[in-house]
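Beneath this line is the structure, given in structure tokens, with notes to follow.
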Amino acid sequence: MSEIIRVENLSYIYNPGMPDATTALDNISFSVEEGDFVGIIGSTGSGKSTLISHFNGLNRPTSGRVLVDGKDLWEQGADLRSFRFLVGLVMQYPEYQLFEETCAKDIAYGPRNMGLDEAEVQRRVKEAAAFVGLTDELLEKSPFELSGGQKRRVAIAGVMAMHPRVLVLDEPAAGLDPEGRDTILSQIKDYHEKTGITVLLVSHSMEDIAKYANRVLVMHRAGIAMYDTVENVFARAEDLLQLGLSVPQVTQIFLKLRQMGLDIPADVYTIPYAVKAIQKALAAKQGGGADA
Amino acid sequence: MLKDITIGQHFPGHSILHRCDPRLKLVATIAYIIVLFVAPNPLGLALSIALLAALYKIAQIPGKMILKSLKPIVPIVIFTAVLNLFFVTGQGEPLVHFWVLNIYAEGVKYAILLAVRVCALIAGTSLLTYTTSPIVLTDAIESLLRPLAKLHFPVHELAMMMTIALRFIPTLIEETEKIMNAQKARGAMLDSGTFTQRIKALVPILIPLFISAFRRADELAMAMECRCYHGGEGRTRLKQLKFTAEDFRCLVVITVALVVIACTRFFVPGLV
């Protein structure tokens, strides 16, 4: 697999030279493999949003380099706009950026900016709308007539329609009801599986990350605390709790059980795996009991 | 970038100028502007600039902040200076004669004095906003306009409107930046193209911005209703403005300084 994003010694300072200068990112280095689904977590103010707005050149690093597909975003003569189509960024509460008369036109805004011909634009609008489950009837409505969850899906479709190679989403499920959360996140997962593109998902919910991502990047105080597979990160549940982050409820239960002295794995973070682990532990216990 | 707008920008600090009663600062700034017009001679201007430099030093505001506040008005200053340079006629021979344009020694003097005066004016008013947060400043305006309430002038409502407007400038700037970023992420081209293209490119930013401004106004009105806001009648404040002994000393110092500067008009000839 090849690297799609590479970050080298990236630092970013807000308001440099002012009394309220703050270091939002402090010498960060990591890389993302093409096709990964990376969950980014961290407490509020740990630098998640600042970090992701570096991937398409909305923020310029104070120092360090950001490479996308092997090319430096800020190299002399680099075309920033081409990186914006390469790395599709869905910001927090993206429904506030809708402006067109109809949803279809709004989704077409990105593809039109790419200079595609009308037939291709329409094809992409249809395709992106299908991914997020928007009916033709909804597409012809004004975005301002839709519900919050529907608006959010229109905004996400607007980025998907650009066919980026990396899709970055900043808390796409924030402020939605549980059903809306599951719908949007499983649509994103579905999109990831069908297109094979790289997805970076910022989320506050450990459950969501455990369910959808295969790697986790944990941010803490402008730096990276952990960056590993989901299993390995949740196996360090105690460290996560120490960073002020939560772990999935099922992991918490297993952590307690381990503390009580049971011999069960530490990297349990989904319900199906938890059921298997308990059955195994029970079987071992009964088997052991029979031996004795 | 939008962040570079310095109008009403506050530069937090703990100097005596930051602590000073905002009413005194407001009145002193107005007096300073008047003095700039009363004493438009080289000595007076030099003294006003020296006073300003001293005040900036006391407030511990870096020099580059002054330059930042002067940057937007550079075209205006150059424009007026150039006009004066060519259109002021003086006695005697012109310094330069070119086609129908004559430059006289007086013209040069006028142009320089005028440019310096405008710069001093902007730097002086910027000092007020750097050292005083907008909210405190509106408190001062409300307090100073209080006597007008007797004439049924809606002083409190005016101050509240100003407070809300000032309070929402940074919020709206932040909001604009967010929306701009969101549309840039979708490939919007904001800083290239022909004039009409650029105007059209603003639509995707202005529409969401207006919608969010209306939404905010609605939410704020609702929140104020919920807390039983009913205007100025009988309303008390958490922070009362108090004129302390320290403020009084500041008043004396600034009055003396401004009177001295104003008096230079009787000794040094300057602009009319």
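The values are calculated or read from the model by the stated rules, or taken from the named source; none is laboratory data. Remember, predicted model here, so these are calculated numbers, not experimental data. Glycine gets a Cβ as well: all are built from the backbone with ideal geometry, and neighbour counts include every protein chain shown.
Some observations on this one:
- Residue in segment B:181-190 that is modelled with pLDDT under 85 and either within 14 Å of chain A (Cβ to nearest Cβ) or farther than 30 Å from A:ARG152 by Cα (or both) present: yes
- Considering (1) closer than 30 Å to B:ILE179 by Cβ; (2) assigned to a helix (DSSP H, G or I), the lone condition that B:GLN9 does not fulfil carries the number (2).
- Screening A:GLN122 with (1) over 16 Å from B:PRO204 (Cβ atoms); (2) touching a residue at least 40 places away in the same chain (Cβ under 8 Å); (3) not charged (D, E, K, R) gives one miss only, at (2).
- Candidates A:THR198, A:THR229 - the one that is among the hydroxyl-bearing types (Ser, Thr, Tyr) and touching a Lys or Arg at 6+ places or on another chain (Cβ under 6 Å): A:THR229
- Only residues that are over 16 Å from the mean Cα position of the chain (by Cα), loosely packed, with under 15 Cβ neighbours inside 10 Å and under 14 Å from B:SER126 (Cα atoms) were counted in segment B:58-90, giving 4.
- Hits in segment A:62-84 (condition: out of contact with any Lys or Arg (no Cβ under 6 Å at 6 or more places or on another chain), surrounded by 13 or more Cβ atoms within 10 Å (Cβ to Cβ) and of a type in the set (Asp, Glu)): A:ASP69
- Of all residues in segment A:129-171, those that are within 14 Å of chain B (Cβ to nearest Cβ), farther than 21 Å from A:THR195 by Cβ and outside any loop (DSSP other than H, G, I, E, B) total 5.
- Within segment A:91-103, restricting attention to residues that are part of a loop (DSSP other than H, G, I, E, B) and either within 13 Å of chain B (Cβ to nearest Cβ) or modelled with pLDDT under 90 (or both), the residue that is surrounded by the fewest Cβ atoms within 10 Å (Cβ to Cβ) is A:GLU101.
- Among residues of segment B:192-203 being more than 10 Å from chain A (Cβ to nearest Cβ) and exposed (fewer than 13 other Cβ atoms within 10 Å of the Cβ), the one that is modelled with the lowest pLDDT is B:GLY193.
- Residue check, A:ASP106 within 14 Å of chain B (Cβ to nearest Cβ) and in contact with a Phe, Trp or Tyr (Cβ under 8 Å, 6 or more places away or on another chain): yes
- Residues within segment A:110-127 that are surrounded by 22 or more Cβ atoms within 10 Å (Cβ to Cβ) and under 19 Å from B:LYS184 (Cβ atoms), tallied: 2
- Selected residue (criterion: nearest to the other protein chains (Cβ to nearest Cβ)) from residues of segment A:18-41 that are part of a strand (DSSP E or B) and among the aliphatic types (A, V, I, L, M): A:ALA24
- Total residues in segment A:42-90, condition outside any strand (DSSP E or B), among the hydrophobic types (A, V, I, L, M, F, W, C) and either more than 29 Å from A:ASP239 (Cβ to Cβ) or within 11 Å of another protein chain (Cβ to nearest Cβ) (or both): 10
Residues checked against (1) farther than 19 Å from A:GLY47 by Cα; (2) at pLDDT 90 or above:
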| position | (1), (2) |
| --- | --- |
| A:LYS211 | yes, no |
| A:LEU217 | no, yes |
| A:LEU241 | no, no |
| A:SER246 | no, no |
| A:GLN249 | yes, no |
| A:GLN252 | yes, no |
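- Residue that is surrounded by 19 or more Cβ atoms within 10 Å (Cβ to Cβ) and either at pLDDT below 90 or at negative phi (or both), where the choices are A:ALA161, A:ALA174: A:ALA161
Table: residues versus (1) closer than 30 Å to A:ASP170 by Cα; (2) surrounded by fewer than 17 Cβ atoms within 10 Å (Cβ to Cβ).
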{"position": "B:ARG146", "(1), (2)": "no, yes"}
{"position": "B:VAL155", "(1), (2)": "no, no"}
{"position": "B:ILE169", "(1), (2)": "yes, yes"}
{"position": "B:LEU172", "(1), (2)": "yes, yes"}
{"position": "B:LYS178", "(1), (2)": "yes, no"}
{"position": "B:GLN183", "(1), (2)": "yes, no"}
{"position": "B:LEU190", "(1), (2)": "yes, yes"}
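- Of the residues making up segment B:211-232, just one is surrounded by fewer than 11 Cβ atoms within 10 Å (Cβ to Cβ) and either under 18 Å from B:ALA182 (Cβ atoms) or touching a residue at least 12 places away in the same chain (Cβ under 8 Å) (or both), namely B:GLY231.
- Residue under evaluation B:LEU238, criteria (1) exposed (fewer than 10 other Cβ atoms within 10 Å of the Cβ); (2) over 23 Å from B:PHE168 (Cα atoms); (3) among the aliphatic types (A, V, I, L, M), criterion not met: (2)
- The condition of being surrounded by 14 or more Cβ atoms within 10 Å (Cβ to Cβ), among the aliphatic types (A, V, I, L, M), touching a residue at least 12 places away in the same chain (Cβ under 8 Å) and within 14 Å of chain A (Cβ to nearest Cβ) does not hold for B:ILE112.
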